[in-house]
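The values are calculated or read from the model by the stated rules, or taken from the named source; none is laboratory data. Quick caveat, the model's predicted, so the values are computed rather than measured. Reconstructed Cβ throughout: ideal geometry from the backbone, glycine too, with neighbour counts over all protein chains shown. Surface areas here come from the heavy atoms of the whole protein model, side chains and all, with no ligands, DNA or RNA. Shrake-Rupley method; radii C 1.70, N 1.55, O 1.52, S 1.80 Å.
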Amino acid sequence: MFFLKKNLERLSYRVLVASNGKKGLQLAKRSKPDLIFLDIMMPEHTGFEMCKMLRATARTRFTPVVMVTALDGFEEKLEAMESGADYFFTKPPNKAELITKVNALVHFKKQREEFEQLRDDFVSMLVHDLKNPLAVILGNSDLLLKGFLGAVNKEQRETIEHIHINSRRI
C-alpha cells in the first residue's frame, strides 16, 4: 500500500491509512473519504468483508471502493465486485491506470454529491412552492365553511368540505 500512498500524495490527495479492517471502518465513518482502497488480505476483516460493511453504512455507502491484492485470480476479482467494489487492481498497479481510475472515481463521487445536493434543493423548493398555494386553499375553504364570506347552501358546503379535506391530505 506504500506505492499507492506515495503516488496519491504526489497528486495532492490526502491519504489516511489504517492498520486493520476494524480501524479502517472507523476511520472511513469518521472522515468520509472520497475513495477507499482495501487490500483483500487484511487483519481483523478481509477486504471483501470490509467492502460489504462499507456498503451497509449510510455514511460510506456511495464512497468508491478499490480492491488491491497480490492475488490475480478471476474468482477474487468476481468476489470483489460482488462485495461492492468499484474497481480491482493487482499489486503492483500500473501507475497510469491507477491515476486515471482514481481521478475518474473521485470525479464521479463529486458529481454524485452535486446531483444529490441539487435534488435536495429541488425537493425543498418544490415542497415550499406547494405549501403556499395549499395554505391559501385551506385558509379560504375554512373561511367559507365558517360562513365568514356569506352563507353557503348544502351542495356548496359539501364541495367546500371536499376541497378542504383533500387539500389537507396533500
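If the Kirkwood radius is taken over C-alpha pairs of the chain, then at 4 °C and 1.567 mPa s the Stokes-Einstein diffusion coefficient equals 65 µm²/s. As I understand it, the value is the acute angle between the Cα axis of helix 95-145 and the longest principal axis of the Cα atoms of the chain; what does it come to in degrees, rounded to 10? Value to nearest ten degrees: 10. Protection proxy ranking of 137-144, 40-47, by the mean of other Cβ atoms within 10 Å over each peptide's residues and highest first, is 40-47, 137-144.
Each of 79, 116, 155 has its accessible area taken with a 1.4 Å probe; listed largest first, they run 155, 79, 116.
Only helices enter the 222 nm calculation for the chain: every DSSP H run of n ≥ 4 contributes -39,500 (n - 2.57), and dividing by all residues gives -21000 deg cm²/dmol, rounded to 500. In the chain, a dipole from Cβ-located charges (positive for Lys and Arg, negative for Asp and Glu) runs towards its positive end, and of 126, 93, 149 it is 93 whose Cα lies farthest in that direction. From most to least packed by mean Cβ count within 10 Å, the peptides 52-63, 80-91 give 80-91, 52-63. Counting only lysines at least 8 places from residue 110 when in the same chain, those with an alpha carbon closer than 17 Å to its own are 32, 101. Accessible surface computed residue by residue for the chain, with neighbouring protein chains in place and a 1.4 Å probe, gives 66 Å² per residue.
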